[in-house]
Amino acid sequence: MDRIVIQGGARLEGRIDISGAKNSALKLMAAALLTDEPLVLTRMPRLADSRFLGHLLEKLGVEICEAEPAQLRLHAASIGDTYAPYDLVRKMRASFNVLGPLVAREGHARVSLPGGCAIGARPVDLHLKALKALGAEIEIAEGYVTAKAPSGGLVGAEIDLPFASVGATEHAMLAAALARGETVIENAAREPEIVDLADCLTAMGATIEGAGTSTIRIQGQARLSGVTHKVVADRIETATYALAVAAAGGDTVLEGAVLAHNKALWSSMHEAGVTVEAVDDGVRVARNGSRLDSVDIETQPFPGFPTDAQAQFMALMALANGSSVIRETIFENRFMHAPELARLGADITVHGNEAVVRGVERLRGAPVMATDLRASVSLVIAGLAAEGETVVNRVYHLDRGFERLEAKLSGCGARIERLPDGA
């Protein structure tokens, strides 16, 4: 199993190209099931998660062709199978989002429940509630969801979500794009990835209004067309590299990043003493050698502070002057990185959904273990700022969400390399 070795203390100077958003790309791939024409995705990230979903889509009958640079062509000329087995769905929760498109296009599907998650339970009940509102008959047995549309297909409806679930909003949008009539999603999630999916579905022929607000209206169509669509820049990758520069020090331009997609994070970083500003081709992040100020944060749905940047921000606060309180309101069990950061010298106390981080003057390298995707990269950030050598083990988590991490960081001066087990 690979590991990442970091010699800390190097400033990050230069430019980092931001990839397409993982959380958007996966739902866009599922949208290929809605049309018998090719869907071409550009700025497509090459990740373990996209490969997992690609294997499932190929099993369902989608022809997939990778091309450079960062382009993926998906063509579901016909659906060969509407059964998504556990062995493929269990590897990644986003795979469950093939259910709605299959039912919308074929009228039926049988898809495995995705199971649990290391960072807490994320049930799919809201996904199923949305499909039921559109007329689908749902049965759950032996770990599988069997769904059938009425004889005339799915029908537009009002879907009122009890909380702004990103996954349920996206799943409802995918299914409603081929439903007859108007679908209204109330209390919809507002993330940039929602807007990106709406833009793609609109280009394919659906009529969608309100994406990015709490009310989304969708006029479904009898059929959708193939298009070429550029995946939105990854705001979590942007946040991660921005926090890496803040922790290690330096001056770096994040090419392709969108300033408006991380306002809550930028506000907290400004408060800590980091320079963040828009430039012509992205976002510039800079910090000199002065010590950071501590900042309290609370994770919230967009446009609040993103839960997927909480671990990275904790790594930054480990070096700040004073104490900060980090409150996690989205997922339980999302402080598993705290004990590993402590191995590097961080002073962190966790009580339920709150972590108190008492900043230390320096971190020191040590062997650490990754526990999930965002926790993994928080350890990388800490290692970049630490004195001496840090070894991050179980880095397969990183490959799920970060493309060419070592190359992007080393291109800005980081002393970082990936080594195979035993090397």
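Taking 0.36 nm per residue of separation and subtracting the Cα-Cα distance, what length does fully extending D87 through D347 add?
Difference between extended and current length: 89.6 nm.
Name the residues whose placed amide hydrogens come within less than 5 Å of the amide hydrogen of A188, ignoring near sequence neighbours (fewer than 5 apart) on the same chain.
It is T215, I216, by chain and number.
Would you mind checking which residues have amide H under 5 Å from L113's amide H? H placed 1.01 Å from N; only 5 or more apart, or other chain.
Y144, V145
Read phi for every residue in the range 248-259 and hand back ³J(HN,Hα) as whole Hz from Karplus 6.51 cos²θ - 1.76 cosθ + 1.60, θ = phi - 60°, with x for Gly and Pro.
7, x, x, 8, 9, 9, 9, 5, x, 5, 10, 4
Taking 7 Å along the Cα-to-C-beta vector as the label spot, tell me the N333-E13 distance in nanometres, rounded to one decimal.
With each label placed 7 Å out from Cα toward Cβ, I get 4.4 nm.
Taking the dipole about the Cα centre of the chain, with the C-beta of Lys and Arg at +1 and of Asp and Glu at -1, give me whichever of G8, A70, G249 is farthest to the positive side.
The residue sitting farthest along the positive end of the dipole is G8.
Taking 0.36 nm per intervening residue step and subtracting the Cα-Cα distance, what contour gain separates E158 from E387 on full extension?
My answer for the length gained is 76.9 nm.
Net charge near S19: determine it from the other residues with C-beta under 10 Å of the C-beta of S19, scoring Lys and Arg +1 and Asp and Glu -1.
Working: positive: K22, R43, R46, R404, K408; negative: D17, D234, E237, E403.
So the surrounding residues net to +1.
Residue by residue, what Karplus-based ³J(HN,Hα) values in Hz, rounded to whole numbers, does the range 338-350 have, using 6.51, -1.76 and 1.60 with θ = phi - 60° and x for Gly and Pro?
4, x, 6, 4, 4, 5, 8, x, 5, 10, 10, 10, 10
Just add up the charged neighbours of K230: K/R +1, D/E -1, any other residue whose Cβ is under 13 Å from the Cβ of K230. Intermediate values should be presented prior to the final figure.
On the way: positive: R43; negative: D196, D199, D234.
Spelling it out: positives minus negatives among the neighbours equals -2.
What Kirkwood Rh does the range 1-153 have if only Cα atoms enter the pairwise 1/r average? Answer in Å.
Details: mean 1/r = 0.0587 Å⁻¹.
For the range 1-153, inverting the mean 1/r across all distinct Cα pairs yields 17.0 Å.
By how many nm would the segment from R358 to Q300 lengthen if fully extended, with 0.36 nm per residue of separation less the alpha-carbon distance?
18.6 nm
Which semi-axis lengths, in whole Å and largest first, follow from the square roots of five times the eigenvalues of the Cα gyration tensor of the range 94-219?
Largest first, the range 94-219 gives 21, 18, 12 Å.
Sorting C200, C412, C65 on the 10 Å Cβ count, fewest up front, what's the list?
C65, C412, C200
What's the magnitude of the charge dipole for the chain around its Cα centre, counting Lys and Arg as +1 and Asp and Glu as -1 at the beta-carbon? Answer in Debye, nearest 20.
Values: 42 positive and 53 negative charges, 76 e Å.
I would put it at about 360 debye.
Between S323 and C65, what is the label-point separation in nm under the 7 Å Cα-to-beta-carbon projection?
6.1 nm
Based on other C-beta atoms within 10 Å, arrange R394, R334 from fewest to most.
So the residues, fewest neighbours to most, are R394, R334.
Roughly what angle does helix 263-272 make with the longest principal axis of the chain, taking Cα atoms, 0 to 90 degrees, to the nearest 10?
Tilt relative to the chain: about 10 degrees.
Can you work out the Karplus-derived ³J(HN,Hα) for every residue in the range 135-145? Use 6.51 cos²θ - 1.76 cosθ + 1.60 with θ = phi - 60°, whole Hz, and x for glycine or proline.
Computed from phi, the couplings for the range 135-145 are x, 6, 8, 10, 10, 10, 7, 6, x, 10, 9 Hz.
What is the Cα convex hull volume of the chain when expressed per residue in Å³?
Numbers: hull volume 53.9 nm³, N = 423.
Cα-based convex hull of the chain, divided per residue, equals 127 Å³.
For the range 7-27, list residues with backbone N below 13 Å from a point placed 7 Å from the Cα of E417 toward its Cβ?
Counting only backbone N, you get 7.
Tell me the mean residue ellipticity at 222 nm calculated for the chain from its helices only (DSSP H runs of n ≥ 4, each -39500 (n - 2.57), averaged over every residue, nearest 500).
Rounded to the nearest 500, the figure is -8500 deg cm²/dmol.
Nearest 10 degrees, 0 to 90: what angle lies between the long axis of helix 373-385 and the longest principal axis of the chain (Cα atoms)?
Rounded to the nearest ten degrees, it is 20.
Quick one: the Cα spread of the range 316-423 along its three principal axes, in angstroms, biggest first?
38, 30, 25
For a footprinting-style exposure proxy, rank T240, T82 by other Cβ within 10 Å, fewest first.
Result, fewest neighbours first: T82, T240.
Taking a label point 7 Å from the Cα of H55 along the Cα→Cβ vector, which residues of the range 78-92 have an amide N closer than 11 Å to it?
87-92
Which is farthest toward the positive dipole end of the range 22-230 among P162, A189, S24, measuring Cα position about the Cα centre, with Cβ charges +1 (Lys, Arg) and -1 (Asp, Glu)?
S24
What are the radius of gyration and Dmax of the range 168-303, computed over its Cα atoms and given in Å?
18.4, 60
For A149, what charge total do you get from the other residues with a beta carbon under 13 Å from its beta carbon, if Lys and Arg give +1 and Asp and Glu give -1?
So the environment of A149 carries a net charge of +2.
Roughly how tilted is helix 48-60, in degrees to the nearest 10 and between 0 and 90, from the longest Cα axis of the chain?
10 degrees
Readers should treat all values here as calculations from the given coordinates under stated rules, not as data from a laboratory. Everything numeric here is computed off the predicted structure, so don't read it as measured data. We place every Cβ from the backbone using ideal geometry, glycine too, and count neighbours over all the protein chains shown.
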